[in-house]
Amino acid sequence: MHPLPHPALCHKIVRSPAVVVRRGKATDQPIHHTVTLGGPHEVRKSATLETWWRTGLRVHGIAGSLKLLQHCSRELRVPELLVATCLSLLAEVYSTYLAFKDDADVNYSALPWKLRPCFRLEHGRSPIADFGISQGRVKGRSNRLQTWTYYDPKTETRTMVSNPEQHYWIYFRTISGQELTLDCCSYSFGMEACVDASKIVEKLPPTLCVPGCSRIPAYFRSSSDPADKYPYDLIEEKRFSVMQNETLHKAIATDVYPQNFPKDSEEIKIIRDFTERVSGKPCTEIDMEILLWWRSHGSGILRLVLSGRRWLEWDRPTLHSKNLYDNIEKNRSEILKGAKDPKVYVTGFSSEEE
């Protein structure tokens, strides 16, 4: 189990504001929060929230403590997560390869292959011409922008994990020129709106789910939408194409047993170079290992959705303005969807994680 690269997840919490949405207007200044850290503490090895943030349970209750834990977790490795997601989309939607026949016995001397169907993404009736990762800034509108700094008094260091001046999201462009954005990573800036994914999650194998995944923070917007429809603005400064990046096309095979790819292989080098261009920082061996796991995990889910044509069963998504933890007793069964360990209800993570 790798150490989590977040100060609040490897220290005890001494003091923290509540994680709540703050309403405002576009002219309001950002709200800057400071979380004061205590001694070293590996949050994933703890059995209860009390050992991580003792005063939090008394002041904010279980729900407030879990929301801080969720907030910190969602600040982690955003560029790597988006790279993995886009690679999964590229591989599963836009590539075709040979796959085993569903009803065939495996015979390695004469493998029974079939050609997998091809798919494409569309918005309305307009096919997607390009997609990739945007980098830019977040600006508050009806929600006030919030930033979080983690202060360690022992070392007198202050760390900001998520920077609203360097935010990342996924863009799509249709052949008709319409621009679309999907932002699932602005939760930590006080933009709390969630898509209800429970009908999708309940049909997936439990091994592909994690607790709380039935309600996902997401904002999907179109260039034709009115500007005041959303509680914040995204100001793009750079974009990195995935769909039109022919070099990345050579690396989509890393989904199959990614641990078997040598660290110095061409595929790994291509993904690392692209990730470093997006994030502007070195992609470590641990970052790459986690990115490849996310990539494989995402491909597994997409294959189930595509092979079963499950998207045809989906209705318009239900949106929630509240977090699952805001009414923890009422939402207990939804929080636990995909949880292998019931203690996740209390702690927000599995104590049996290896």
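The numbers here are math on the coordinates, done by the rules we state, and not lab data. In this text, all values refer to a predicted model and were calculated from it rather than measured experimentally. Here Cβ is always computed from backbone atoms with ideal geometry, including for glycine, and neighbour counts include all displayed protein chains.
For segment 146-153, backbone phi angles converted through the Karplus equation (6.51, -1.76, 1.60; θ = phi - 60°) give residue-by-residue couplings of 10, 10, 10, 10, 10, 9, 9, x Hz, Gly and Pro being listed as x. Distant-in-sequence amide contacts of His123, defined by a placed amide H-H separation under 5 Å and a gap of 5 or more residues or a different chain, comprise Ile128. With K and R counted +1 and D and E -1, the other residues having a Cβ less than 10 Å from that of Arg141 yield a net charge of +1.
Between Thr155 and Glu236, the simple label model (points 7 Å from Cα in the Cβ direction) yields a spacing of 3.7 nm.
If neighbour count is taken as other Cβ atoms inside 10 Å, put Trp314, Trp294, Trp53 in order from fewest to most.
With the sparsest Cβ surroundings first, the list reads Trp314, Trp294, Trp53.
For Arg215, the residues whose amide H sits under 5 Å from its own are Ala197, ignoring neighbours fewer than 5 places away on the same chain, with H placed 1.01 Å from N.
Amide H contacts of His41: His11, Lys12, each under 5 Å away and 5 or more positions distant or on a separate chain (H built 1.01 Å from N in the peptide plane; Pro and chain starts excluded).
Computed over all pairs of different Cα atoms, the Kirkwood value for the hydrodynamic radius of segment 214-322 is 17.2 Å.
Dimensions of segment 124-166 based on its C-alpha atoms, expressed as ranges along the principal axes with the largest first, amount to 57, 25, 13 Å.
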